[in-house]
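The values are calculated or read from the model by the stated rules, or taken from the named source; none is laboratory data. The structure displayed is predicted, hence computed values, not measured ones. Quick reminder, even Gly has a Cβ in these numbers, built from the backbone with ideal geometry, and neighbours come from all protein chains shown. Just the protein is used for accessible areas: all its heavy atoms, side chains included, with ligands, DNA and RNA removed. Shrake-Rupley method; radii C 1.70, N 1.55, O 1.52, S 1.80 Å.
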Amino acid sequence: MNETLASMVERLATERSALLERLPCFASGLEWCQAHTDLCDRAAQLIFDAAIRDQGDAPPMALVATGGYGRRELAPYSDIDITLVPLDESSPVLDRVIHRLYQDIHTAFGTLFRVDVGWAFRLIADAPGLDARTRTGLLDARLVAGSPAVLRALDEALWENFPVGDFVLAKVEEREANGRKYHDTALVVEPHLKEGAGGLRSFQAANWIGMATGERPVRPTADYDAVLRARNLLHFVSKRLNDQLTRSRQAEIANLLCLESHEWMEPVLVSMIGLQREYDRSLEMLQEARYELSKGVHAMRGEARVAPVSDPGEASVGIAIATKLGLRVPELSMPSAPTVVGPAALYSIGTGEATLRNLDRCGLLDVLLPELTACRTLLPEDSVHAYTVFEHTLRVVRNVDDLKPDSFLGSLKASLRNDSLLYLALLLHDVGKTDNSSSHSETGAVMASEVCRRWGLGQRDTEQVVWLVREHLTMARFIRIRDIQNPATVAEFAAIVRDPERLHALAILTWADVNAVATDTWTGAQESFLRELHARTLDSLQGETAPSPDPGVYRQRLIRQLSQTDVADEEIASFVESLPAHYLTRATPELARLHLRYFRTALAGNPTVEFNPQPELSATEVTVCALDATGLLSRMLGVFYALDLSIEGIRASTTKTEKPVALDVFTVSMSGKPVPAATCRQISSAMVSVLKEERTVESLLIEKSKDPFMQQRVFNHTYIEGNPGVLEVRAARGRGMAYRLSRFISQCGWNIVAARVGQWAGSSAAAFYILGKDDQPLSKETVDAALRESAP
């Protein structure tokens, strides 16, 4: 900026200071803002003329005021939003002009006027792709300096393909979001004069919505002028940009005006009520106006009308917007389409259940996803699901819709690259149930691949959707029947998942799917296990997994911790040395000390049965310690079966002492809740009598009308070799599977290290972590042969 120009701008800055000092004397907020705007215009015009004059061959361009500056409503410390629009972007001098204008405008307004500048450079060709926020600013565009023809060309380009539906929805959602952030009623003690309900933005949004739907803008009302004046005064006493009218600022302004606070504030609130009514009227008008929602879909008299020749993907966007605006969607039948504009369809399904039901209502869902609508009346084969496959699927979507942003799963959803891909996987996860030729997960994955092809989705997005459909039961299986505290289990699951994005999406899908099966199918235990498996797997994927623990290190540490008690060091060392490695990696000193006491009691011939309620898991931990014997674990499980308890998990440990002692921890529940105290007493009495061989478990089961000798019918099994190996079994639903399978494993001469038992995919399922004689690993051939021979 040269000296002459700087001197002229400094004089304007002095005028601005004088205008600011006189602000309390202005009865009209608009009158002061217009005087302030005119003063800023003069400065901007001087700067623009100087830059163009120094570049004589500069192309035609327009210096445009947008936003509040464009409306001539520039408050004392509002940002000055300026946009430069050239007619010819190829001019060789354009860069020099832009650089000069940028520097001089920021010097003038940022340094001399001490207000922030919002600078933008726009090409006319950019108009079709502008976002809603930029479009909003340009609706209030006003020429400050330069060519009027350039601004007219920009305005024509802006309106040529104006996305009315998208824009209107953006303004409505913006007001809703600000209502949540600030206040959703004008009747508040400390109002936000710009963004809160009844603030200036209420009137402005009403005008923008009206303009987008073909209405002429409304001139500022007396209520608007009054609230704008209040905002000017708030800036004045704050000496900065500030729109939150606190009690202390109210008192300052009232004192400045020689009024009591209530005398000044009450009329302001009355005016804010008027502005909110203006906005509410604009929403009412949306229900009656005619305007385009998307290509092929128009709003008319409160209803979304779909043209039969519309692309189903683009039309679905209109239905999504109509749903959010509360428009009616009529029942229609739509012709099929060989292809779909995939990105548009993805956006629509990602808006949730309400849109999907309206897509179904108007026939578009039949066109977009005939694979899903084919499941409308399809009954699931298991007896657990409460709804048809179609209804279950929409309720899965509802669960994801309802996730709170600050919840565990809500935060995972927010982290997804594109949560619409998750929604597509939700809609397709069970469509394979229409074909019983193979597992519905595999069939569904093939169908999902075809949907993605038809929608024209890219390879990366297709792979994500297909993988989620194929693996949608995997996490549920792991948390229900696998030992998720076992590092090998986590490593196996991480190898399936491969990246955090898939892990997050699968965790959400798992939770939503199980929750939509029927009431109370998701338990506190499953919630806890899902979070733990997610955390451990995420650590593994991010390379934060600790190396495999050395049992010797844990032994020595536990010996040191226990040696601080009054127990003899030799006894401590002998006890710790006798414990298996999987026990050592999980035991706390307090737990080991307690178990040492149980161990002593067991050696004396007295079993211990202790109960520890776990309300967060909706279960009870039962610790049983007794002298080991062949078939001991199956006898313990027989007691639980006799008393109608559900087994959730088993951690079995046996000491390597002269007299081996079993130290087993069971996680059990009764009707999905912790075991009542009275039942605990029955369990303890029955367990002790069986362990002391005062009665047999078979007699107890017969007494409780259960067959102790029934063989377990196994639907299928999988054995994963390891140390220990993992035997996964699926069988008919019902209690007693853990007892019967543990009896079979005992009869084979194998040892159970740990087990998880639960319901999965409509049947009972269990995973037994087993070793052979002398704790040697078992081969797959050995296990498979034994199960074949045992088949009834």
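Can you find even one residue in segment 379-387 that is under 17 Å from Met447 (Cα atoms) and either surrounded by 16 or more Cβ atoms within 10 Å (Cβ to Cβ) or of a type in the set (Phe, Trp, Tyr) (or both)? No: segment 379-387 contains no residue that is under 17 Å from Met447 (Cα atoms) and either surrounded by 16 or more Cβ atoms within 10 Å (Cβ to Cβ) or of a type in the set (Phe, Trp, Tyr) (or both). Any idea how many residues of segment 466-501 are open to solvent by less than 40 Å² (accessible area, probe 1.4 Å) and outside any helix (DSSP H, G or I)? So the answer is 7. Counting only residues that are modelled with pLDDT under 75 and not in a helix (DSSP H, G or I), segment 550-578 holds 7 of them. Residue-level check: of (1) farther than 24 Å from Met710 by Cβ; (2) among the aliphatic types (A, V, I, L, M); (3) surrounded by 24 or more Cβ atoms within 10 Å (Cβ to Cβ), Leu627 misses just (3). Within segment 307-322, the set of residues being open to solvent by 30 Å² or more (accessible area, probe 1.4 Å), touching a residue at least 12 places away in the same chain (Cβ under 8 Å) and either farther than 22 Å from Ser420 by Cα or in contact with a strand residue (DSSP E or B) (Cβ under 9 Å, 6 or more places away or on another chain) (or both) comprises Pro308, Val309, Glu314. Looking only at segment 421-444, count every residue that is within 26 Å of Pro343 (Cα to Cα) and either of a type in the set (Gly, Ala, Ser) or within 26 Å of the chain's Cα centre (by Cα) (or both) and tell me the total. The total comes to 14.
Applying the criterion of being free of Cβ contacts under 8 Å to residues at least 40 places away in the same chain and not acidic (Asp, Glu) to the residues of segment 763-785, the residue that is most open to solvent (accessible area, probe 1.4 Å) is Lys773. Residues of segment 453-465 that are over 20 Å from the mean Cα position of the chain (by Cα) and surrounded by 16 or more Cβ atoms within 10 Å (Cβ to Cβ): Arg454, Trp455, Leu457, Thr462.
Surrounded by 15 or more Cβ atoms within 10 Å (Cβ to Cβ) and of a type in the set (D, E, K, R): is that true of Lys295 in this structure? So Lys295 passes the test.
Conditions (1) among the hydrophobic types (A, V, I, L, M, F, W, C); (2) farther than 28 Å from Phe575 by Cα; (3) modelled with pLDDT of 95 or more, marked per residue:
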position	(1), (2), (3)
Ala619	yes, yes, no
Leu637	yes, no, no
Ile650	yes, no, no
Lys656	no, no, no
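Scanning segment 367-378 for residues that are open to solvent by less than 70 Å² (accessible area, probe 1.4 Å) and touching a helix residue (DSSP H, G or I) at 6+ places or on another chain (Cβ under 8 Å) returns Val367, Leu368, Leu369, Glu371, Leu372, Thr373, Ala374, Cys375, Leu378.
Of the residues making up segment 569-615, just one is of a type in the set (Gly, Ala, Ser), within 11 Å of Arg555 (Cα to Cα) and free of Cβ contacts under 8 Å to residues at least 24 places away in the same chain, namely Ala573.
With respect to being among the acidic types (Asp, Glu), assigned to a strand (DSSP E or B) and over 24 Å from Gln712 (Cβ atoms), Glu621 fits the description. Scanning segment 385-419 for residues that are of a type outside the set (Gly, Ala, Ser) and not in a helix (DSSP H, G or I) yields a count of 11. For segment 201-241, the tally of residues that are under 35 Å from the mean Cα position of the chain (by Cα) and of a type outside the set (A, V, I, L, M, F, W, C) stands at 6. Can you pull out every residue in segment 598-613 that is part of a strand (DSSP E or B) and open to solvent by 30 Å² or more (accessible area, probe 1.4 Å)? Matches in segment 598-613: Glu610, Phe611, Asn612, Pro613. In segment 230-256, the residue that is most open to solvent (accessible area, probe 1.4 Å) out of those that are part of a helix (DSSP H, G or I) and of a type in the set (Val, Ile, Thr) is Val237. For segment 8-26, the tally of residues that are within 16 Å of Asp41 (Cα to Cα) and free of Cβ contacts under 8 Å to residues at least 24 places away in the same chain stands at 4. The residues of segment 428-438 that are surrounded by fewer than 24 Cβ atoms within 10 Å (Cβ to Cβ) and in a helix (DSSP H, G or I), listed by number, are Lys433, Thr434.
When segment 730-744 is filtered for residues that are touching a Ser or Thr at 6+ places or on another chain (Cβ under 8 Å) and open to solvent by less than 20 Å² (accessible area, probe 1.4 Å), the ones remaining, listed by number, are Ala731, Met737, Tyr739, Ser742. Among residues of segment 201-220 that are among the hydroxyl-bearing types (Ser, Thr, Tyr), those with a beta-carbon under 8 Å from a residue that is open to solvent by less than 70 Å² (accessible area, probe 1.4 Å) and modelled with pLDDT under 95 at least six positions away or on a different chain give the pairs Thr213/Leu286; Thr213/Ala289.
Yes/no matrix, rows are residues, columns are (1) among the small types (Gly, Ala, Ser); (2) over 14 Å from Ala145 (Cβ atoms):
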| residue | (1), (2) |
| --- | --- |
| Gly70 | yes, no |
| Pro76 | no, yes |
| Asp79 | no, yes |
| Thr83 | no, no |
| Pro128 | no, yes |
| Arg133 | no, yes |
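Among the numbered conditions (1) closer than 23 Å to Val367 by Cα; (2) crowded, with 23+ Cβ neighbours inside 10 Å, the only one that Thr443 does not meet is (2). Tyr719 meets each of the listed conditions (1) farther than 30 Å from Arg470 by Cα; (2) touching a Lys or Arg at 6+ places or on another chain (Cβ under 6 Å); (3) of a type in the set (Ser, Thr, Tyr) apart from (1). Evaluated against (1) more than 16 Å from Ala307 (Cα to Cα); (2) free of Cβ contacts under 8 Å to residues at least 40 places away in the same chain; (3) in contact with a Pro (Cβ under 8 Å, 6 or more places away or on another chain), Pro335 falls short on exactly one condition, (1). Annotation: Leu259 fulfils all but one of (1) part of a loop (DSSP other than H, G, I, E, B); (2) open to solvent by less than 50 Å² (accessible area, probe 1.4 Å); the unmet one is (2). Of all the helices (runs of 4 or more DSSP H) wholly in segment 141-229, which have at least 2 residues that are open to solvent by 50 Å² or more (accessible area, probe 1.4 Å) and modelled with pLDDT of 95 or more? Ranges flagged: 148-160, 164-181. Thr83 passes every criterion in (1) closer than 12 Å to Val117 by Cβ; (2) of a type in the set (S, T, N, Q); (3) free of Cβ contacts under 8 Å to residues at least 12 places away in the same chain apart from (3).
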